[in-house]
1. Does any residue of the stretch 142-162 turn out to be surrounded by 12 or more Cβ atoms within 10 Å (Cβ to Cβ), of a type in the set (Gly, Ala, Ser) and not in a loop (DSSP other than H, G, I, E, B)?
2. Can you tell which of 130, 58, 53 is more than 30 Å from residue 170 (Cα to Cα), outside any helix (DSSP H, G or I) and not charged (D, E, K, R)?
3. Looking for whichever is of a type in the set (Gly, Ala, Ser) and exposed (fewer than 13 other Cβ atoms within 10 Å of the Cβ) here; the options are 83, 32, 43. Which one fits?
4. Could we say that residue 143 is among the basic types (Lys, Arg) and more than 8 Å from the ligand (Cβ to nearest atom) here?
5. Just the residues that are at positive phi and in contact with a helix residue (DSSP H, G or I) (Cβ under 6 Å, 6 or more places away or on another chain), please, taken from the stretch 48-101.
6. I want to confirm something. Restricting to the stretch 103-118 and keeping residues that are more than 24 Å from residue 39 (Cβ to Cβ) and surrounded by 12 or more Cβ atoms within 10 Å (Cβ to Cβ), which single residue is nearest to the chain's Cα centre (by Cα)?
7. State whether the residues of the stretch 166-186 include one that is surrounded by fewer than 20 Cβ atoms within 10 Å (Cβ to Cβ), within 13 Å of the ligand (Cβ to nearest atom) and not in a helix (DSSP H, G or I).
8. Quick one: which of 59, 27, 23 is under 29 Å from residue 186 (Cβ atoms), surrounded by 21 or more Cβ atoms within 10 Å (Cβ to Cβ) and away from the ligand (no atom under 16 Å from the Cβ)?
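The values are calculated or read from the model by the stated rules, or taken from the named source; none is laboratory data. This is a predicted model, so every value here is computed, not measured. With ideal geometry, Cβ positions are generated from the backbone for all residues, glycine too; neighbour counts draw on all protein chains shown.
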Amino acid sequence: MALDAFDYDLVIIGSGFGGTMTALTLAEKLQGQKPRILMLERGTWWTTPVSTVQDKMVATYDFLRTTHKQPVQFWSSVEHFKGLIDLFLRCVRRPRNEDGLYDITQLGKRGWLGFGGENDGVSIVRASGVGGGSLVYSNITIRPPDFVLEDSRWPLTWTPAERERYFDLARHAISYGVVSAWREAAKENIPYRDSSGKNAPPQGAVNAGLSNIVTRSARLDPKWQVVADPANSRGIKRIDVAAGTPPEQQNRYWIDRARIFQTAMGNLTNDFGTVDSAINDLTPEGSPLDPAAPHNYPGAPINYCERQGRCNVGCLPGARHTLNKQLMVADHGARGRGLSRRVLTAGPGPALADDGEECHRQARGRRRRLSRHERDHVAVSRTRNLAEHQ
Ligand SMILES: Cc1cc2nc3c(=O)[nH]c(=O)nc-3n(C[C@H](O)[C@H](O)[C@H](O)COP(=O)(O)OP(=O)(O)OC[C@H]3O[C@@H](n4cnc5c(N)ncnc54)[C@H](O)[C@@H]3O)c2cc1C
């Protein structure tokens with residue numbers, strides 16, 4: 001490989017939260033200087049093996065592998081038993097399976113064939129792949145309570161107001177996209193408010209915002225109270241049991257586990273509520289619940305949560321805000337004009353296929369242009385590739 005293929009201004013190692021947020025921030029902030037940023041990632045791309053709203057033809061795999069010559073793997077198999085085997089055989093990273101998704105470290109004495117081992121009580125799970133921990137995380141997007149960061153052992157010098165600002169910025173970066181966070185910050189619109197009043201996501205968003213997934217399917221209106229919270233502009237949502245002097249009809253919409261946990265916690269304390277999740281739901285909160293408009297997401301249909309509960313082993317409907325989506329837009333979204341548009345139409349989800357009438361039909365009306373820095377300035381490469389070329 002020619003030497004100038006390695007001529008980059010900045011090199012970022014790892015494509016998880018730290019790496020991706022840094023890379024996209026630098027690309028945005030330094031766009032006038034057109035920096036060439038290289039991300040080195042030890043793992044492969046991972047994608048869903050099934051059709052999704054935004055990728056009916058399951059084209060992402062070929063798009064990455066054939067068009068962009070990238071190493072890519074599917075999440076563990078859809079079938080229950082095969083999926084379980086897949087998790088252990090293909091998805092765990094170990095010698096002779098370095099491309100596994102889960103990098104598991106156990107501290108303690110190693111046994112032989114499972115005998116005689118001793119765990120010190122600490123096991124560490126990390127993800128290995130483009131997007132890092134976002135590939136397997138539980139999507140929970142909460143900020144730590146103040147007392148954690150107010151501990152004098154932290155070397156931080158932020159004021160509470162500065163801290164608020166950074167949390168809101170980070171929340172936007174994972175809710176909608178890193179580039180969007182900086183753009184809205186420049187307009188002093190963080191926390192983000194849609195000026196049209198339609199609860200539409202910001203222009204150029206990769207994801208559709210945070211959600212509170214507690215109902216059995218999207219669009220149901222559970223019985224919840226929204227409690228104002230100075231630390232969260234979305235407020236905290238709690239089950240409303242008091243109103244349910246029997247039977248409270250809407251409480252039946254809650255996912256059983258959420259209903260039981262919240263009811264039990266409500267008996268113990270007033271400090272409880274639903275966590276914010278970085279997952280696209282069918283209808284962003286606050287937009288009209290209109291059964292006559294099945295795709296009433298402002299703009300276009302998106303991948304959305306189907307309540308399968310398999311976030312930690314790979315989201316089949318492609319609804320989670322994994323960082324590989326943001327990187328796909330930044331890196332591969334641009335090569336080849338027609339193709340780039342199709343990738344971008346997928347926005348928060350996987351790319352669309354090169355062929356297929358349905359695909360083209362789906363693509364219409366969902367295009368957005370890549371900004372220049374998104375097109376040109378972030379590349380993802382693999383550590384192993386680097387080693388091979390040395
Ligand atoms: C199962 C699970 C659930 C979780 N749920 C949540 C949650 O709900 N909410 C939450 O806030 N947090 C959650 N976390 C934690 C969160 O995922 C991590 O805090 C976060 O991913 C850390 O980001 P990072 O950038 O530091 O590292 P990572 O996201 O781990 O990224 C590191 C990247 O570097 C790559 N890498 C490592 N070594 C090399 C090398 N030598 N060369 C090249 N690349 C390399 C890795 O492959 C990886 O892609 C969860 C974690 C796990 C494992």
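1. no
2. On the way: 130 fails: more than 30 Å from residue 170 (Cα to Cα); 53 fails: more than 30 Å from residue 170 (Cα to Cα).
58 is the lone residue from the list that is more than 30 Å from residue 170 (Cα to Cα), outside any helix (DSSP H, G or I) and not charged (D, E, K, R).
3. Working: 83 fails: exposed (fewer than 13 other Cβ atoms within 10 Å of the Cβ); 43 fails: exposed (fewer than 13 other Cβ atoms within 10 Å of the Cβ).
Exactly one of 83, 32, 43 is of a type in the set (Gly, Ala, Ser) and exposed (fewer than 13 other Cβ atoms within 10 Å of the Cβ), namely 32.
4. Values: among the basic types (Lys, Arg): yes; more than 8 Å from the ligand (Cβ to nearest atom): yes.
Against the criterion (among the basic types (Lys, Arg) and more than 8 Å from the ligand (Cβ to nearest atom)), residue 143 qualifies.
5. The initial filter retains those residues of the stretch 48-101 that are at positive phi, namely 58, 69, 96.
None - no residue of the stretch 48-101 is at positive phi and in contact with a helix residue (DSSP H, G or I) (Cβ under 6 Å, 6 or more places away or on another chain), so the list stays empty.
6. Step one: list which residues in the stretch 103-118 are more than 24 Å from residue 39 (Cβ to Cβ), which gives 106-118.
Next, only the ones that are surrounded by 12 or more Cβ atoms within 10 Å (Cβ to Cβ) stay: 106, 108, 117.
Numbers: 106: 27, 108: 33, 117: 36 Å.
That would be 106.
7. Among the residues of the stretch 166-186, not one is surrounded by fewer than 20 Cβ atoms within 10 Å (Cβ to Cβ), within 13 Å of the ligand (Cβ to nearest atom) and not in a helix (DSSP H, G or I), which makes the answer no.
8. Values: 59 fails: under 29 Å from residue 186 (Cβ atoms); 23 fails: away from the ligand (no atom under 16 Å from the Cβ).
After ruling out the rest, the residue left standing is 27.
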